[in-house]
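All remarks here apply to the structure that follows.
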Amino acid sequence: MKIGIGSAASLSAKIQAEKPNAVTRLRCNADGPHSAELTWNVNHTTCRIKYYTISLNGNILWSETSNTLVNETNIPPNGGSLTLTDLIADTIYNITLQPGNDAGLGEAKSCPQQIQTDPDVPGKPVGLNVTDRTKSKLEIKWLAPEMRNGILTSFKITWGDNGEDSVDAVNDTSYVYSYSIEDLDDDKIYGIKVYAGNVKGFGPAASEDGETEKSHLGAILGTVIPVIVIIIAVALGVWYNKSHKKKKKNTSNSDD
């Protein structure tokens, strides 16, 4: 009878992944008008964090529809720091960070305080057009920029002929804006630009060309002067013919 070691029995067990713990020491700081810096500490679990979900609830201070909600998922882990970009200027944000892995999302953690992005210069006004014109005046209208990036304080209007610009400002709080450009020359094309401004300055311009009407005097002169020229030419022709005939007659009498 032989005595020995038989075949081994085996047992395998799969450890279920667990959801990650909430991050700690989350800090959020705005960095200019369109970005923010986030830092945090990671509490490791059985399985590593594979991604983060970030929720941004924003209150846009310059907009009538003030609230905006953004959820960003599948943000890869990168050692406890992240730069958020493409934020809206002059906006208060509440930010929440939630780690996730194959088991799902862990507990969410919010920044201990709200952040506020800085204002930025406005976008260009929209809908600029010439609504009326005379020989010395152009009426224009426009709408506020879609992206004001702060509370609007004024508009700057420039108009020019042959590269020379005149400048004026409009301080208005309505939603449809207008301006009358006066003391212009008749029958000329003017390049018109309108800039929106806030505490950060003026943004890019909306532009439109406007042409003043021809003056009645100019139209009359434009018709009369050619007629006068023709009359003078005819009169000179008649005078020349008479003078030439008289000269011939005098020459003939002299020969006799």
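Can you give the Kirkwood hydrodynamic radius for the stretch 126-211, in Å, rounded to one decimal and based on Cα pairs? Working shown, then result.
Numbers: mean 1/r = 0.0758 Å⁻¹.
Evaluated on the stretch 126-211, it is 13.2 Å.
So what J values fall out for the stretch 126-135 if you push phi through Karplus, 6.51 cos²θ - 1.76 cosθ + 1.60 with θ = phi - 60°, rounded to Hz, Gly and Pro as x?
Running phi through 6.51 cos²θ - 1.76 cosθ + 1.60 with θ = phi - 60° gives 10, x, 5, 7, 8, 9, 7, 8, 10, 6 Hz.
Compare the peptides 117-127, 201-211 by average per-residue count of other Cβ atoms within 10 angstrom and give them in order, highest first. Please list the in-between numbers first.
Numbers: 117-127: 19.5, 201-211: 16.5.
Those peptides, ordered most packed to least, come out 117-127, 201-211.
Calculate, in nm to one decimal, what residue 168 and residue 27 gain on full extension: separation in residues at 0.36 nm each, minus their alpha carbon distance. Could the numbers behind the result be given before it?
On the way: separation 141, 0.36 × 141 = 50.76 nm, distance 4.55 nm.
Full-extension gain reported as 46.2 nm.
Can you pull the one-decimal nm distance between simple spin-label points at residue 71 and residue 213, each 7 Å off the Cα toward Cβ?
With each label point 7 Å from Cα toward Cβ, the separation is 6.0 nm.
Within 10 Å, count the other beta carbons around each residue, average over each peptide in 150-160, 67-77, 22-32, and list them highest first.
Details: 150-160: 17.7, 67-77: 12.1, 22-32: 15.5.
Ranked from most to least packed, the peptides come out as 150-160, 22-32, 67-77.
So if I take the centroid of the Cα atoms in the stretch 93-117 and the same for the stretch 51-81, what is the distance between those two points in Å?
9
Read-outs throughout are calculated quantities, based only on the coordinates presented, and are distinct from any laboratory measurement. What you are looking at is a predicted structure, and each value in this text was computed from that prediction instead of being measured. Positions of Cβ are backbone-derived with ideal geometry, glycine not excepted, and every protein chain shown enters the neighbour counts.
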